[in-house]
Amino acid sequence: MYHINRLAAIISCSATSSISSVKIWWINADSQTIVQEITGIRYIRPNGQLVFPPFDLDQYRQDVHSTTYRCMASNTFSTIRSRDCQLRAVNECQMSKCSEVNYI
């Protein structure tokens with residue numbers, strides 16, 4: 001998934017169970033660490049969406065904007081995981097100055 005730095009990116013995840021409530025969280029697929037919110041850089045909505053707000057180039061973080069995420073969901077009986085979602089930040093040039101997308 002490409003994340004143009006001047007636009008927000010949202011990765012959705014949902015899971016349901018008729019037996020018990022479901023807890024959703026995100027992990028970094030490479031390090032297997034639980035994703036934490038970073039003020040102004042990355043947050044998780046109550047509905048489980050992982051959100052990356054627009055960011056300036058000086059706010060770029062490779063561990064956030066160019067990594068692989070995985071959604072995890074569990075209830076009383078089991079835990080499941082999503083396929084990997086690779087996020088890659090790009091810097092979109094203004095059309096009047098250039099006609100290509102530059103990778104950060």
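Values in this text are rule-based calculations from the coordinates and carry no lab data. The structure displayed is predicted, hence computed values, not measured ones. Cβ: placed from backbone, ideal geometry, glycine included. Neighbour counts: every protein chain shown.
Counting only trypsin sites (Lys or Arg not before Pro) that sit in a DSSP loop (anything but H, G, I, E, B) with at most 14 other Cβ atoms within 10 Å, what is the longest stretch of the chain containing none of them? It would help to have the intermediate numbers written out before the result.
On the way: sites that count: R6, R61, R83, K97.
That would be 7-60.
Taking amide hydrogens as placed 1.01 Å from N in the peptide plane, the amide H of V22 sits under 5 Å from that of no residue at least 5 positions away in sequence or on another chain.
Here's how it looks for I4: its modeled amide H is under 5 Å from those of V90, which are all 5 or more places away or on a different chain. The H on the amide N of A15, modeled in the peptide plane, is under 5 Å from the matching H of no residue at least 5 residues off or on a different chain. Distance between the pseudo-spin-label points of L57 and R45 (7 Å out from Cα toward the beta carbon): 3.0 nm.
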